Amino acid sequence: MKVGPTLQGGLRIDIENPLDWMVMRCIPYDARGGGIDLADRLSAPMAKDEGIDDWREFVVPDLQEGFNSQVEIIEKALAGSGGDDEAGQVFILKEDAELWYGGLNQARLALEERYGFSDEDPTTMTPGKRSAWFRSQFYLHVQSVLLDHVMR
């Protein structure tokens, strides 16, 4: 897989094989934390506070809408980019860069929460955890390229 800037100010991700497609299709799944809503996870520490009802009523819906729009833009780009068995390209338009950045960040946060990578050596991880660690590193790389070439 290759990631690089486009002349229009966005990014292009070249998908070269089925494994690349699998990694790309994991972004929305990872961002959703395996079915646990990020807005709910952020609300958990406030559960013991008195203002939790106001938080849930006024803040959580906006958080959910924002988080969902980030993941949906990624799903939309993936859906229009080709099949799982063929080479293809995924484009991140300049105007979608912040949504992609946020969606990738959601995925990284959810993976960290689930696996707790800390400073662990990837060679000592179980295969599932190592796979999640590599995905997290890829998401971080794409975020870095977005920052360096698109979101300046």
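Evaluate E = 1/(1 + (r/R0)^6) for residue 152 and residue 89, where r is the Cβ-Cβ distance and R0 equals 35 Å; express this FRET efficiency to the nearest 0.05. Step by step, r from the Cβ atoms, then E = 0.95.
Nonpolar atom fraction for region 59-110, defined as the carbon and sulfur part of the 1.4 Å probe accessible area, stands at 49 percent. Modelled this way, with points 7 Å down the Cα-to-C-beta line, the labels at residue 144 and residue 16 are 1.8 nm from one another. Normalised by the number of residues in the chain, the average gap of Cα pairs under 8 Å and 6 or more apart makes the relative contact order 35 percent.
For the set 57, 120, the ranking by accessible area, highest first and with no ligand, DNA or RNA atoms included, is 57, 120 under a 1.4 Å probe. Averaged over its residues, the chain has an accessible area of 58 Å² per residue, based on protein heavy atoms and a 1.4 Å probe. Our coupling estimate for region 137-149, obtained by passing each phi through the Karplus curve with A = 6.51, B = -1.76, C = 1.60 and θ = phi - 60°, is 5, 5, 4, 4, 4, 5, 4, 4, 5, 4, 5, 6, 10 Hz, Gly and Pro reported as x. The calculated P(r) of the chain, using every Cα pair and 10 Å bins from 0, goes 11, 36, 33, 16, 4, 0 in percent. Each part gets one Cα centre, and for region 120-152 versus region 59-77 those centres are 21 Å apart. In loop segments of region 89-152 as defined by DSSP, there are no chymotrypsin sites (Phe, Trp or Tyr not before Pro) with at most 15 further C-beta atoms inside 10 Å of their C-beta. Helix 60-79 and the longest principal axis of the Cα set of the chain meet at an angle near 10°.
The values are calculated or read from the model by the stated rules, or taken from the named source; none is laboratory data. Since the model is a prediction, treat every value here as computed from it, not as a measurement. Counting neighbours? That spans all protein chains shown, and the Cβs are built from the backbone with ideal geometry, glycine included. In case anyone asks, the SASA skips ligands and DNA or RNA and just uses the protein heavy atoms, side chains included. Shrake-Rupley method; radii C 1.70, N 1.55, O 1.52, S 1.80 Å.
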